[in-house]
Structure formats: structure tokens, C-alpha cells
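Worksheet: one structure, shown below.
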């Protein structure tokens, strides 16, 4: 369990570092895109509307992925809990073999 948790933390750290590095590179493009969209909009073009739609389109992907991952985690966790409950019920209902000596048996009958 600890090994799995450590791997998850390491993976999350790696993803965070990659996101930070790529966001620094992507930030340089924003002023150029903004100036291009503003100049196109002033000249009567529709590039700004297309740019906005493109941004919305790109934002939908991560939300869909997180929703799918959340659903899969929830379903898997629910199945694990159901299996644990079934095992607990089986343990309660399963007859347990108790070995006692004949002397102990005779004593319990006499009482």
C-alpha cells in the first residue's frame, strides 16, 4: 500500500513539473494571439470568435478526462467495498471448526 501511494505521489509530482514547464513556454504565445485577434476583429473578421470557440473546445477535454477518471475510481471503490462486505458476511456465516477435547465436551454438557 505504501509503495503504491509513493508511486502515485511521484507521478503527480512529475505531472506537476511538466505542466509548469509547458505553461511557461505557452505563455509567450498569448500576447501574439491576442493582438492578432484584436486586429482581425477591428477589420471586421471573425477570427476572435473562432479563437474563443477553440479555447472552449480545448478546455472541455481535461474536464471530460477528470470526469471519466472520477467515475472509474468511484465504481472501483464501490466494487471493492462490496467485496469486503461479502467477505465479512461469509466469515460470519461460515461454520468454524472448533476442536475441543472430550473432557471439555463432557463438562459443557454437565453444566
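Consider residue 54 carefully, then state whether it is more than 34 Å from the chain's Cα centre (by Cα), at pLDDT below 90 and surrounded by 10 or more Cβ atoms within 10 Å (Cβ to Cβ). Against the criterion (more than 34 Å from the chain's Cα centre (by Cα), at pLDDT below 90 and surrounded by 10 or more Cβ atoms within 10 Å (Cβ to Cβ)), residue 54 does not qualify.
Look at segment 5-19: where a residue is farther than 19 Å from residue 73 by Cβ, no partner that is not in a helix (DSSP H, G or I) sits 6+ places away or on another chain with Cβ atoms under 9 Å.
The values are calculated or read from the model by the stated rules, or taken from the named source; none is laboratory data. Since the structure is predicted, the reported quantities are computational estimates derived from the model, not experimental observations. Positions of Cβ are generated from backbone atoms using ideal geometry, with glycine treated the same way; all protein chains shown enter the neighbour counts.
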